[in-house]
Amino acid sequence: MRQVTIGQGGPETSCLGVGAMSFAEFYGPTTEENSWAILDAAIEAGVTHIDTSNVYGNGRSENAIGAYLKDNPAARDHFHIATKGGITTDKDGNRCFDNSPEHLEAMLDASLQRLGIDCVDLYYVHRRDPSRPIEAVAETMGRLVAKGKCKQIGFSEIAPSSLRRAHAVYPVAAVQSEYSLATRFPELGLVQTCAELGTTLVAFSPVCRSLLTDTPLSAEIIPSLPFLKSAPRFQEPNLSANLALTEPFRALAAEMRLPASGLAIAWLLAQGAHILPIPGTRSVSHFRELVQGANTVLSQEDLRRIDAILPVGWAHGDRYNDAQWIGPERYC
């Protein structure tokens with residue numbers, strides 16, 4: 001499988017990663033055994049990057065990975081492991097963000113304990129705390145590297161201007177952002193700034209939470225999923241419109257003898273050598289479809305046909321509702 005360099009002069013990982021939010025039942029019921037099967041399939045396919053967070057299932061995702069590593073000690077050398085910290089709750093139970101040195105280190109220590117390892121390969125600030133200059137937060141993260149608790153640092157959902165400010169203080173190896181055929185705002189500065197600075201763009205939700213697959217989540221299932229049932233793209237009439245608009249994409253993928261999810265991954269990888277998609281799945285068969293896409297190189301004619309079917313701005317509805325937009329930085 002093709003490789004991606006994490007940060008300027010950093011380690012190489014596979015060009016496809018495992019988004020481990022799905023290990024915490026974000027998209028429906030799962031088991032630890034099922035998550036382990038995904039990790040087994042990743043090793044078999046040469047997929048080396050795992051992306052998780054302390055808040056996925058309140059540690060459930062990290063616990064599943066840690067149990068797998070304990071049961072398969074050699075897997076630690078195979079996997080490049082990333083986790084995140086910075087999201088918490090206030091005394092009333094409301095979600096908030098804390099980028100203080102004490103909080104970020106304490107959350108990393110807890111993550112390391114759940115994962116059963118001494119150091120993560122990459123530690124992100126999951127959300128920016130607007131009360132703290134990002135330069136100070138970059139210094140904090142750099143000190144965690146110096147302490148040997150993480151090897152590189154990253155940020156999630158920040159603006160290109162914030163990336164530049166942080167990177168001027170300490171090298172930012174990766175920025176995580178939603179990016180897919182349905183969500184193309186990173187092309188308005190983030191894709192370019194990451195390439196300029198040697199920062200890897202880690203693309204989450206690369207198949208648009210199932211819309212860019214052969215089996216999109218149905219209107220009957222969505223109400224059972226807390227995040228999606230309130231996400232504008234998955235509410236009517238947007239959902240029906242988006243399902244209809246993506247049908248020609250599924251047809252094109254079938255014509256190209258690819259699964260739709262694989263074609264979506266191949267398209268994303270064609271947007272830059274510094275882009276690392278991290279799809280999440282609870283299905284080994286679906287994971288193998290994603291791997292097929294990672295091993296596919298598209299021609300310029302292929303890309304032209306895809307853009308003709310799903311041009312920029314085709315999706316109906318925002319990717320987040322007003323509450324979900326609290327935290328990610330808007331920059332365009």
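Since every read-out is calculated from the coordinates, none of them should be taken as a lab result. Here the structure is a predicted model, which is why all the values come from computation and not from measurement. In this analysis, Cβ positions are derived from the backbone assuming ideal geometry, glycine residues included, and neighbour counts consider all displayed protein chains.
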Three principal axis extents, largest first, for the C-alpha atoms of region 1-155, in Å?
44, 39, 23
In the chain, taking the dipole from +1 charges on Lys and Arg beta carbons and -1 charges on Asp and Glu beta carbons about the Cα centre, the listed residue (VAL175, THR89, ALA244) farthest towards the positive end is VAL175
Pick from CYS15, CYS96, CYS194: which residue has the top mean-square fluctuation in a GNM of the chain where Cα pairs under 10 Å get a spring?
CYS96
For the pair SER285 and GLN3, how long in nm is the line joining their label points, each one 7 Å along Cα→Cβ?
3.4 nm
Under the 7 Å Cα-to-Cβ spin-label approximation, CYS332 and VAL312 lie apart by a distance in nanometres of 0.6 nm
Show me the three semi-axes of the equivalent ellipsoid for region 21-83, from the C-alpha gyration tensor (sqrt of 5 times each eigenvalue), largest first, rounded to whole Å.
18, 12, 11
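What is the calculated FRET efficiency for GLN113 to GLU33, with r their C-beta to C-beta distance and R₀ = 22 Å, to the nearest 0.05?
Values: r = 22 Å, r/R0 = 1.01.
With a Förster radius of 22 Å, E is 0.50.
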Taking only C-alpha positions in region 190-253, Rg and Dmax in angstrom work out to 14.9, 44
GNM top mover of SER218, SER210, SER180 - the chain, alpha-carbon springs below 10 Å:
SER218
Which whole-number percentage describes the relative contact order of the chain, with Cα contacts under 8 Å and a sequence gap of 6 or more?
19 percent
At q = 0.18 Å⁻¹, what log₁₀ I(q)/I(0) does a Debye calculation on the Cα points of region 60-150 give, no solvent, two decimals?
-0.81
Which loop trypsin sites (Lys or Arg not before Pro) in region 132-188, with loop taken from DSSP, have no more than 12 other Cβ atoms within 10 angstrom of their Cβ?
LYS147
Report the rotationally averaged projected area of the chain based on its alpha-carbon convex hull, in square nanometres.
15.6 nm²
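To the nearest µm²/s, what D does Stokes-Einstein give for region 138-207 at 25 °C and 0.890 mPa s, using the Kirkwood radius over alpha carbon pairs as Rh? Mind showing how you got there, number by number?
Values: Rh = 12.4 Å.
Rounded to a whole number, D works out at 198 µm²/s.
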Subtracting the Cα-Cα distance from 0.36 nm times the residue separation, let me have the gained length for LYS229 to ARG143 in nm, one decimal.
27.0 nm
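What chymotrypsin sites (Phe, Trp or Tyr not before Pro) in region 144-218 are in a loop by DSSP, with at most 16 other Cβ atoms within 10 Å of the Cβ?
Working: sites: PHE155, TYR179, PHE204; in loops: TYR179.
For chymotrypsin sites (Phe, Trp or Tyr not before Pro) across region 144-218 that sit outside H, G, I, E and B with at most 16 neighbouring Cβ atoms in 10 Å, the list is empty.
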Simple spin-label estimate for GLU247/THR215, 7 Å along Cα→Cβ, in nm, reads 2.0 nm
Considering only C-alpha atoms, what is the centroid distance from region 123-192 to region 64-118, in Å?
17 Å
Please find, in a Gaussian network model of the chain (springs between Cα atoms separated by less than 10 Å), the residue of PRO226, PRO186, PRO160 whose mean-square fluctuation is greatest.
PRO226
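Can you pull out the trypsin sites (Lys or Arg not before Pro) in region 266-332 whose DSSP state is coil and whose Cβ has at most 15 other Cβ atoms within 10 Å?
Numbers: sites: ARG282, ARG288, ARG304, ARG305, ARG319, ARG330; in loops: ARG282, ARG319, ARG330.
Answer by residue number: ARG330.
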